[in-house]
Amino acid sequence: MKNSFFLKCITALLLTFNSIYANAQSTISQPGYYGLQIGSIELIALSDGTVPVSAMDLFHEAEQPEKVSHLLLQAHLNDPVEVSINAYLIKLTDKLILVDAGAGHLFGPAYGGKLISSLQAAGYQPEQITDILITHVHLDHSGGLTNNDTILFPNAIIHLNKKEIDFWLMHCEPKKDEMKGITSARSSFLALKRYLDKGKVKTFEGNVNLFPGVSTREYAGHTPGHTVFILESKHEKLVFWGDLIHIADIQLHGPDMYNGFDFDKQQAVEQRKIAYSEAVKEGYLIAADHISFPGIGRVRQSNERMIWQPIPYSLLGRTR
Ligand SMILES: [Zn+2]
């Protein structure tokens, strides 16, 4: 997530609702991981926590406040919506691959920052992670790579789209009159830069195969090099959506519901349209960083409406 809206939201909304959510989090504890099987590959969803986001503010640029308000009511959601921050662990035979790294401490002490404890609860240590796929450089996706400038995954190679690096190398140093969104997202690049300086970042361009069963597909718009990752095994397919969507109950009703986090709003809308239509047609699984944890399910269409269908809870790791 990024840009001027983010800054405004975090300073106003997060502070406003800080005490409410802090109280809720102090008495209730949720398990931070959930495992499932994609073909012969084990996948574990990991929670980095949640963050309150006002849907009314998030979508205000789309200028459809009545629609947003109606959809919130219909979904029985209060505003601000408590948005999940999810990451995922792919277990290959010889590799442990994280998909995104959460927000770390960049949202302050009350939100995010739970990825490491979720990973440990699932039975793994950060030192065991061999590779990290970053969908895009924003606070809640690359912020968790470090803690106070200390690298948290010392043995991992970071993989991301070259366009993300190129963009940030141009904006690494603060400039006068730069977009507020760039200013507010800079710390997420600085977290990544710790790895870059150590030669631990590997870029890719466009759509490539990274590992057996793991490939990339560029869906730019939300950021210049926003990328989804695809996991395939034994005729099963799961697509990691990154930030194609933030609040499903709003955005599944219309890909045109762009938001303040989208860098190129028109392109983001176009990419969402393609993603929705392909997901409905192919019926594959989706893992979405901001859909309620574990954020894994499918999109189906009923008349004009897209509907999110979460995977069933399963002790066997089943997805259907
Ligand atoms: Zn995000």
The number of residues in the range 113-143 that are more than 16 Å from the ligand (Cβ to nearest atom) and either buried (at least 19 other Cβ atoms within 10 Å of the Cβ) or in contact (Cβ under 8 Å) with a residue 12 or more places away in the chain (or both) is 13
Test: I134 is closer than 16 Å to Y195 by Cβ and either out of contact with any Gly (no Cβ under 8 Å at 6 or more places or on another chain) or of a type outside the set (K, R) (or both) = yes
Where a residue in the range 60-73 is without any contact (Cβ under 8 Å) to a residue 40 or more places away in the chain and its partner, wherever it lies, is open to solvent by 10 Å² or more (accessible area, probe 1.4 Å), with Cβ under 8 Å and at least six apart = P65/M56; S69/M56
Report, by residue number, each residue of the range 216-238 that is in contact with a helix residue (DSSP H, G or I) (Cβ under 9 Å, 6 or more places away or on another chain), assigned to a strand (DSSP E or B) and within 16 Å of the ligand (Cβ to nearest atom).
-> T227, V228
Give me the pairs, please: first residue somewhere in the range 300-320 and assigned to a loop (DSSP other than H, G, I, E, B), second residue anywhere and at pLDDT below 95, beta-carbon distance under 6 Å, and either six or more positions apart or on two chains.
-> I311/T319
Does D149 satisfy the condition of being touching a residue at least 12 places away in the same chain (Cβ under 8 Å), of a type in the set (D, E) and at positive phi?
-> yes
Out of all the residues in the range 210-236, which are open to solvent by 40 Å² or more (accessible area, probe 1.4 Å) and without any contact (Cβ under 8 Å) to a residue 60 or more places away in the chain?
-> R217, E218
Is it the case that some residue within the range 188-202 is touching a residue at least 60 places away in the same chain (Cβ under 8 Å), open to solvent by 40 Å² or more (accessible area, probe 1.4 Å) and away from the ligand (no atom under 15 Å from the Cβ)?
-> no
Considering the range 181-210 alone, what residues qualify as being of a type outside the set (V, I, T) and in a loop (DSSP other than H, G, I, E, B)?
-> K198, G199, K200, E205, G206, N207
Using beta carbons and a limit of 6 Å, which pairs, at least six apart or on different chains, have the first residue in the range 252-275 and assigned to a loop (DSSP other than H, G, I, E, B) and the second one open to solvent by 10 Å² or more (accessible area, probe 1.4 Å) and acidic (D, E)?
-> G260/E61
Scan the range 159-180 and give yes if some residue there is surrounded by 18 or more Cβ atoms within 10 Å (Cβ to Cβ), outside any helix (DSSP H, G or I) and away from the ligand (no atom under 16 Å from the Cβ), otherwise no.
-> yes
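The values are calculated or read from the model by the stated rules, or taken from the named source; none is laboratory data. No experiment lies behind these values; they were computed from the predicted model shown. Glycine gets a Cβ as well: all are built from the backbone with ideal geometry, and neighbour counts include every protein chain shown. Side chains included, ligands, DNA and RNA excluded: accessible areas come from the protein's heavy atoms. Shrake-Rupley method; radii C 1.70, N 1.55, O 1.52, S 1.80 Å.
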